[in-house]
Amino acid sequence: MVTGVEIAMESARVREKNRQLAVQLRMLGPMKICRDGATLALPGSRKVRALLAYLALAPLPVPRSQLCELLWDAPGDPRGELRWCLSKLRSVLDEEGRRRIATREDTVRLDLSDCLVDALEIARAAGERIETLAPERQRRLLALFDGDFLEGLEIDRSPVFGGWLTAQRRRFRACHAALLEHLARGVGDEEAFGYLDKWLQLAPFDLHAHETLLAALARRGRIREGEEHVASTARLFEAEGLDTAPIRAAWRSARPATLVSVESRGEAGSRNDAVAAAPGRGSIAVMPFADRSTTALARGGAADALAHDVITRLAKLRSLFVIAQGTVFALHERSIGAEEAGRILNVDYVVSGSVRAQGSRLTVTAELAETRSARIIWAETYSHKADDVFLVLDEIGNRIVASVASEIETLERNRAILKPPNSLDAWEACHRGLWHMYRYRKTDNARARHFFQAAVRLDPTFSRAYAGLSFTHYQDAFQGWGKREPEMDKAYEAAAQGIMADDRDPAVHWAMGRALYLRRRFDECERELERSIDLSPSFALGHYNLSFVRSVVGDPRTAIADADHSRHLSPFDPMLFGMLATPAMALVRLGQFEEAAAWAIKAAARPNAFPHIHAIAALSLALAGSLDQARAYAAAARKTAPRYGLAEFFAAFPFDPEGEALFRKGARLIGMA
């Protein structure tokens, strides 16, 4: 009874909200505008309606030049036509005392804060994670869909708008599928069948939809229907050249055991064993980038080259299962969008984007979406002067790969920390370890080691987990949290095991480089770190650790360049404090004390900075003449490590004699023994 009252109250709130939002703009289906319940006559011009849709979804004011380029590609007076279109929109949207079209300088924006816009409601829900919403809200959102986005609204000779429209349709179709999926999984079987039918109509090649339907049919004892569904789906998949084995395996798993033949049980058992033995690692597909240039290049141009590079470089990181280029390009040739491709391929994440060459500039957009929730978790735009287009694409490709890997790692870490520890697979245990590792505290380091050890027990071939395990031993030696010699040996041993597990994983060579640094074998250390970068030029931690080693014992100018590059690749890295501190040490060695102090202060401001970082700030500031500020940072170091002094500092940073003399001078100025 309480639930019924809550739903009634919620429905009343929704009705009241709709009364307050007197104007409603519907775009999920044929475009429609309603005011006070009455449907308004829309302008006959398709470009007026297209302009309305584009402005409604634009998060920021849009330059007039961009709107002209969006809808008019022929010579003439596009600005005059834009003014005419805006006047038509004002006649529909504006009311006495309420102007919803705002023009300022050379930009246009819509103020729809007092309007209900169905597409914006869906977009907001996707940003909140559709799967976390209450079922009643999911149902209300589902009711907003009355067809495809801007159904029937295509415009000839407007390629920019056409590309935008296609992207938006794919985006909202993915949100529609995500709503249907989570409702189908969260309700009883009988109610679920209605959602499942719609889900399969929308995404006929989504393996999860077929698995969910077959499981529901098996639970209800509707075996004949299940057999018929498998047969018809197999024909559908075969017609598209897709593998039918996962569908048949799903049905074998769903059917009651008494109905499974001895032969099929044996086959299913071997398949299940194979799946169980495989690590549950994250998977990703990189779709071909769309060419948005005024004169689109033929296939094989810059857009395809960028997608190929991103696929190759993600694969080189070895931390994700990456779908091969041939598969994603084949799906793209069938006009299958990124979100649908992600569902067909049953991957966790999808990367998509566009490339646009205009004049002397090259603009690349890229985004990373979570397949099952249709949530965009990262997006970026890169704009460069295209003196050499392929050199520019090389740089952009590195940045995309580093950002994608970092975002996925962050998401997986945060997801793993919420799960019960005894339920984790190897992939999840490794990311639970990373969550603790990046906190840089002694107790968290011990917890991180526990989860990395669990990961390698679950999957002895998981090289990335060995790298994490090595890092925890490195931290114990570097921070003085354990006995230095035994921890150095364990760091080396874990890194060596990682290399034996996968010699092409850049992370294990990174771990080995750090272990060799502890042993003061600096030449070998640099070779291992360079090897990690050779394997994956996008591996930001490899560039950072080269800068770290070179800031202590190598060329300080090269160290600064390496640190700059690591931050360029991964500007929000968990090790950002180190990427900021290494230039400080290098600049001290170069005698540029004030600049060194500025970098050290930035490093010490990071939330996971530890005593060594505060000490770098203290000594740099002392050399720059800011003695009071230097003493404050020295006190901050001792707050966490009460016995911290020069012995601990030089154990971590074995500078050459000239560098050591400089830091000792700074210590004398503030009485830091």
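Before moving on, here are some points about what is shown:
- For the stretch 103-179, the relative contact order is 38 percent, taking Cα pairs closer than 8 Å that sit 6 or more residues apart in sequence and dividing their mean separation by the residue count.
- For the stretch 81-180: rounded, prolate or oblate by the Cα gyration tensor [a/c cutoff 1.5]: oblate
- Of all accessible heavy-atom area on the stretch 630-673, the percent that carbon and sulfur account for (1.4 Å): 59
- Rounded to the nearest 20, the size of the Cβ-charge dipole of the stretch 90-217 about its Cα centre is 400 debye, with Lys and Arg at +1 and Asp and Glu at -1.
- For the chain, the solvent-accessible area with a 1.4 angstrom probe is 45 square angstrom per residue.
- ³J(HN,Hα) computed for each position of the stretch 493-504 - Karplus, 6.51 cos²θ - 1.76 cosθ + 1.60, integer Hz, glycine/proline x: 5, 5, 5, 5, 4, x, 5, 5, 6, 7, 5, 9
- The orientation-averaged shadow of the Cα convex hull for the stretch 321-398, equal to a quarter of the hull surface, comes to 5.8 nm².
- Size of electric dipole in the chain: Cβ of Lys, Arg +1 and of Asp, Glu -1, about Cα centre, debye, nearest 20: 1580
- Computed over the chain, Cα set: Rg, Dmax in Å: 29.0, 86
- Taking the chain as the region of interest, the number of lysine pairs whose Cα atoms are within less than 28 Å, with members eight or more places apart or on different chains, is 17.
- Taken along the Cα-to-beta-carbon direction at a fixed 7 Å, the label points for residue 520 and residue 555 span 2.5 nm.
- Net dipole in debye of the stretch 465-613 [+1 Lys, Arg Cβ; -1 Asp, Glu Cβ; about Cα centre; nearest 20]: 360
- Global form of the stretch 385-513, assessed from the alpha-carbon gyration tensor, a/c cut-off 1.5: prolate
- For residue 149, the residues whose amide H sits under 5 Å from its own are 29, ignoring neighbours fewer than 5 places away on the same chain, with H placed 1.01 Å from N.
- Taking amide H as placed 1.01 Å from N in the peptide plane, residue 116 has its amide H under 5 Å from the amide H of 23, 24, 25, each at least 5 places away in sequence or on another chain.
- Packing-based order for 519-529, 652-662, using average beta carbon neighbours within 10 Å, highest first: 519-529, 652-662
- Packing rank of 301-310, 623-632, where each peptide gets the mean count of other beta carbons within 10 Å, highest leading: 301-310, 623-632
- For the stretch 421-437, 3J(HN,Hα) per residue [Karplus equation, 6.51 cos²θ - 1.76 cosθ + 1.60, θ = phi - 60°, Hz, x = Gly/Pro]: x, 7, 9, 7, 8, 4, 4, 5, 4, 4, 6, 5, x, 4, 4, 6, 4
- Taking the protein heavy atoms of the stretch 317-373 in the context of the full set of protein chains, the accessible area attributed to carbon and sulfur is 49 percent at 1.4 Å.
- Charge dipole (the chain, unit charges on Cβ, about Cα centre) - positive-most of 62, 591, 310: 591
- Entry note, the stretch 536-673: relative contact order of 20 percent, from Cα contacts under 8 Å with a spacing of 6+ residues.
- Using a Förster distance of 35 Å, the FRET efficiency for residue 91-residue 358 (Cβ separation, nearest 0.05): 0.55
- Relative contact order of the chain, taken over Cα pairs closer than 8 Å and 6 or more residues apart, is 7 percent.
- Across the stretch 223-237, coupling constants 3J(HN,Hα) worked out from phi with the 6.51/-1.76/1.60 Karplus curve, θ = phi - 60°, read 5, 4, 5, x, 4, 5, 5, 4, 5, 5, 5, 4, 5, 5, 5 Hz, and Gly and Pro carry x.
- Carbon plus sulfur fraction of accessible area for the stretch 503-580, probe 1.4 Å, in percent: 50
- The chain: antiparallel DSSP beta bridges as a percent of all, rounded to 5: 75
The values are calculated or read from the model by the stated rules, or taken from the named source; none is laboratory data. Keep in mind that what you see is a predicted model, and the values were worked out from it rather than measured. Reconstructed Cβ throughout: ideal geometry from the backbone, glycine too, with neighbour counts over all protein chains shown. Note: areas computed on protein heavy atoms with side chains; ligands, DNA, RNA excluded. Shrake-Rupley method; radii C 1.70, N 1.55, O 1.52, S 1.80 Å.
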